[in-house]
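Engineer: Handing you this structure, nothing more for now.
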Amino acid sequence: MSEQVAEVEAPDEAPEPERARPRLRWWREALYVVVLYGVYSTVRNQFGSAGGPDGQANAIAYGHALDIIAIQEVMGLYVERSIQDWYLSLPREGLIGFWNVFYGTAHFIVTAGALVWLYRRDKPRYPLWRNTLAASTLLALIGFASFSLMPPRLLDEPQARFGPPTAAAERDFGYVDTLAEYPTFWSFDSGTLKNISNQYAAMPSLHIGWSTWSMLVLYPMLRRRRTKALAVAHPLATLFCIVVTANHFWLDAVGGLVTLGVGFLAGRALSAAWDRRTERRAAAPVAVPA
């Protein structure tokens, strides 16, 4: 009888051993982030408004903006000017200063917070999403280098404020540069920032890529519906922000999502390759000294 009970209670298969993973160390992860962002910033700012002959850079970025507008007009979805006009017609200009601050801070703060929280709360998911963020950020450099794009807010800029003139304007675009008209504590026109920031790094929009990444990272770790809703609202609020401040066309947002998708595939492949390497090293026989 005891043999029968033992036979019933015995599992059909032995549990699979837990996959070996390299130990994560916070100081090494912080170093990765610093190095990655340093490389990203250095390469990003070699193109467009922060690098190269101003006249040529402006003309190229301006021409690409005309191309984006033409595509959106063919689709019947050139809506950025209408959205901004409506919003700024609200009482007190819709408190547009809030969105100026949001544009300059939220994508850094939320993304960094999501990465740190993921490291502390869900280490099994951390390598994949860290690699996804890194791959997406580096892939965006291809777009910045090959398709410099003047944001809507600069299309009507006079030579006195933004360097040599672009190609002859074909029409009055009518966008408001909200950072210039409704100043906050930061501005692209400040001396240092103007010299180091590439204002033509608009396609793809990493504001959308990073905010969507943050939502995908945070959502599984949140328990309450209210906080889950806030995570989902973050990329939607970011999309509204980049349009109403005239910092991006909506096609830039599509580019950001595509970049994130490709970055996820690259990050998953990198994580899988790293796991296989770790497993091979763990399975390798240990030499015993004679």
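Where a number appears in this text, it was derived from the coordinates with a stated rule and is not lab data. Bear in mind the structure is a predicted one, so any value in this text is a computation, not a measurement. Positions of Cβ are generated from backbone atoms using ideal geometry, with glycine treated the same way; all protein chains shown enter the neighbour counts.
Engineer: Neighbour counts of other C-beta atoms within 10 Å: give me VAL34, VAL217, VAL262, VAL110 arranged from fewest to most.
Structural biologist: VAL34, VAL262, VAL110, VAL217
Engineer: Taking the Cα centre of the stretch 202-275 as the origin, how large is its charge dipole in debye, to the nearest 20, when only Lys and Arg (+1) and Asp and Glu (-1) carry charge on their Cβ atoms?
Structural biologist: Rounded to the nearest 20 debye, it is 500 debye.
Engineer: Can you order the peptides 113-125, 240-252 by their average number of other Cβ atoms within 10 Å per residue, highest first?
Structural biologist: Descending packing order for the listed peptides: 240-252, 113-125.
Engineer: Among GLU157, GLU93, what is the fewest-to-most ranking by other Cβ atoms within 10 Å?
Structural biologist: GLU93, GLU157
Engineer: If you don't mind, there's one more thing I want to ask. So, counting K/R as plus one and D/E as minus one, what does the shell of residues with Cβ under 15 Å around CYS241 add up to?
Structural biologist: -3
Engineer: Could I ask something else about it? Counting Lys and Arg as +1 and Asp and Glu as -1, what is the net charge of the other residues whose Cβ lies under 15 Å from the Cβ of VAL34?
Structural biologist: Result for the local shell: +2.
Engineer: Nearest 0.05, what FRET efficiency do ILE142 and TRP274 give at R0 = 22 Å with Cβ-Cβ as r?
Structural biologist: 0.40
Engineer: How much net charge surrounds VAL232 when only other residues with a Cβ under 14 Å from its Cβ are counted (Lys, Arg +1; Asp, Glu -1)?
Structural biologist: +4
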